[in-house]
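No value in this document is a laboratory result; all are computed from the given coordinates. In this text the structure is predicted, and so the values were computed from the model without any measurement. Here the Cβ positions follow ideal geometry from the backbone for every residue, glycine too, while neighbour counts run over all protein chains shown.
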Amino acid sequence: MPAATESFPQLVSTAKQDKLTALNAPSSIEKPRVRRRSSGLGGEIRAGDTGAPAFATVDVRPPSPGTIKAQADRDRKKPYSKRRKAKTLLQQYKRYALKHTWVTPLAIIAVVLSLYAINPTKSNPLHYFIFPAYELPPEPGAEPGAPIQYGKGPWDFALVSFYIVVLSFTREFIMQKFLRPLARKSGLKSRAKQSRFMEQMYTAIYFGFLGPCGLYVMSRTPVWYFNTRGMYEGFPHRTHEGIFKFYYLFQASYWAQQALVLCLGLEKPRKDYRELVGHHLVTLFLVGLSYRFHFTYMGLAVYVTHDISDFFLATSKTLNYLDHPLVGPYFAFFIAAWVYLRHYLNLRILYSEFNEFKTVGPYELNWETEQYKCELSHIISTALLASLQALNLFWLFYILRIAYRFVFMSIVEDDRSDNDENELAEEQRLDALARQGVDAVAAKAALADIPQPKIKLNGNSINGKSSGAELKTDAVTNRKENINYNS
């Protein structure tokens, strides 16, 4: 018979208490670390379309040693068969491809290029996956050495689809092989911040090349330098130089690849997820409709303004993640570039919809001559450009708010720090459980199942009990266990 003065029995079951003790006990993985000095801009730059995730930034942890050993034991007990061997090889490739996400697109590229190398001529259908299709013969009376013109057609989808794979490979390979080590060397500890750094660095690299390319292509057209009248002169623009067509479709591949990864939902939604999805949808509609209905000169101008501003946005975010001392002055320069490119120039393009769109060149709908500059196209193009401008104004509000807080309120703490610290602590616990042989999925489930302590009784937390009946049942069970143990 227990003494009358014994302490009240624990209200948490033994199994749960053991799990709580094991996971919450101080260990070597929770050593205090020196926090990095806070960002000069005071938090995430919630603006722009440079934050689409990648396969390389998805938190896919490899199976733990315990899981691999258990699977190997099960495989040894099964009789040998060719089907089992093939299944094992497939599982090995799946694990490798999940870890090295650039392998699968590289394999597809290698197959396409190998099959094309067998017959590297225009008679090979794979030619139109790699090079622009619909090359036109020179016009009568054309000057010698005049640029070759290309038309449009269904084979253009082949080129877009192939370069979606190419961009998937380059994005994943550059992120995993170069940018992730660079992020770690730069002192970024949490996976979330490493992922953001990798995404912005890749975006800066991409637009660092495509921005100047867009300006070069524009210099070969009547649109230079953002000449809105040239967008409508000589309409419809049914043919283009090879470099123009390749640039336009390559950019379409980039935005299609970004939208595909974004829609797969590989990461938890960002704060501005809806705006980011909306921007991608508007962009894809603008690209597709402008190409089909011959408004490509207008599309080229929109491409260039967004590409260059995205470069400055991505580099500004990168400096912010690194807490670089120049982030403040550079952010001011970025704001000026953003306002000039995304608002002044784009508002000029939007303004041209209300005068030059109707006054320069024919204004009629004629399906036979592919004359689509009419009232219907005017409404659609104006609505899409206005939607794009509204999204840019939405992001400009957040950009100016960050600048205002930095200049007038002297806010220097990083409002992302708490989240990053929590993410880092959870990552450390998951890694520790993995080293102990606990499967990654089971480890995450174990951490998720641990309720937060709300009330303590006799030094023990009461967790997850919603009714007095549950508390009483556990109390009776624990008391019986203690009596049996003491006896």
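Ordering 359-370, 121-132, 165-176 by mean Cβ neighbour count within 10 Å, with the highest value first, yields 165-176, 121-132, 359-370. Taking 0.36 nm per residue of separation and subtracting the Cα-Cα distance, full extension of the segment from Leu289 to Ala386 would add 33.4 nm. Estimated from the Cβ-Cβ distance and a Förster radius of 41 angstrom, the FRET efficiency linking Ala107 and Arg401 is about 0.35. Annotation: amide H of Ile148 within the under-5 Å range of Gly242, sequence separation 5 or more or interchain, hydrogens built in the peptide plane. Convex hull volume per residue, computed on the Cα atoms of the range 200-343, equals 118 Å³. Summarising the label geometry, the points placed 7 Å from Cα in the beta-carbon direction at Lys122 and His378 lie 4.0 nm from one another. Pairs of lysine residues in the range 166-277 that meet both criteria, 8 or more places apart or on different chains and Cα atoms under 16 Å apart, total 4. Annotation for Tyr273 and Ser114: the two label points, set 7 Å from Cα along the Cα-Cβ direction, are 3.9 nm apart.
Applying 1/(1 + (r/R0)^6) with R0 = 30 Å to the Cβ-Cβ distance of Tyr225 and Thr369 gives a FRET efficiency near 0.50.
Note on Gln91 and Leu260: the extension gain reaches 58.3 nm, defined as 0.36 nm multiplied by sequence separation minus the Cα-Cα distance.
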